[in-house]
Structure formats: structure tokens, C-alpha cells
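I have placed the structure first, in the form of C-alpha cells, so that the comments after it can refer back to it.
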Amino acid sequence: MMEKSLIKILQCLDRASSGCQLGYITHHTNIMDPLDYLNTLEENGFVQRCQCDGWSPTGHPKFEITPNGRQQLRNFEISGIHIPIRVLEKVLAEH
């Protein structure tokens, strides 16, 4: 079973219209250091690093969800392993 943090990251990347930097992912998932999770997701083919589209002050990579990651997320949602958005909003509001 996939850890909730990994699902939150996939959901965040799924909602984004382009590649996301670590700060964006942290802001929208409340996961303070998402890089280890992203590396795990990347190793499993669920996310990929984006090609840099210009200079970044942090030099951090951007990540995007892959078609395989999107399918896996849908499978989790269909099977009932889904974190309702209201739960995520409540957690984010508390922090």
C-alpha cells in the first residue's frame, strides 16, 4: 500500500498544470522535505524531473506526474484509497 505522503504528492502534481518545484509541493502538501518521496516516486516511474525551462534561484529540480503515475493515482482513488480534499484542506489549515 502506498504511503499517504506519496499519494498527497501525486495528487498535488496531478492538479498542477506544469512541473512543480519542491517549495510548491511543500506548500500544497505540508510535507517539509518532499525530495526523498519524489525520488521514490521517480524510481517507480510515477513522476519525472522536468527539463529546466530557465534559471531558478534555488536550482531545485521540477517534477511532474507521469501517465503511469496518473493511472496509479486513479487506481487508488477507484479502490477507495483516497484522501478527500476536505481532509487535506483541514490539515493544511491547522498548520
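The values are calculated or read from the model by the stated rules, or taken from the named source; none is laboratory data. Quick caveat, the model's predicted, so the values are computed rather than measured. Reconstructed Cβ throughout: ideal geometry from the backbone, glycine too, with neighbour counts over all protein chains shown.
Determine, yes or no, whether residue 22 is crowded, with 20+ Cβ neighbours inside 10 Å and either within 21 Å of residue 93 (Cβ to Cβ) or modelled with pLDDT of 90 or more (or both).
Details: crowded, with 20+ Cβ neighbours inside 10 Å: no; either within 21 Å of residue 93 (Cβ to Cβ) or modelled with pLDDT of 90 or more (or both): yes.
No; evaluated as a whole, the condition is false for this residue.
I need a count of the residues in the range 25-56 that are modelled with pLDDT under 90 and on the phi > 0 side of the Ramachandran plot.
Total meeting the criteria: 1.
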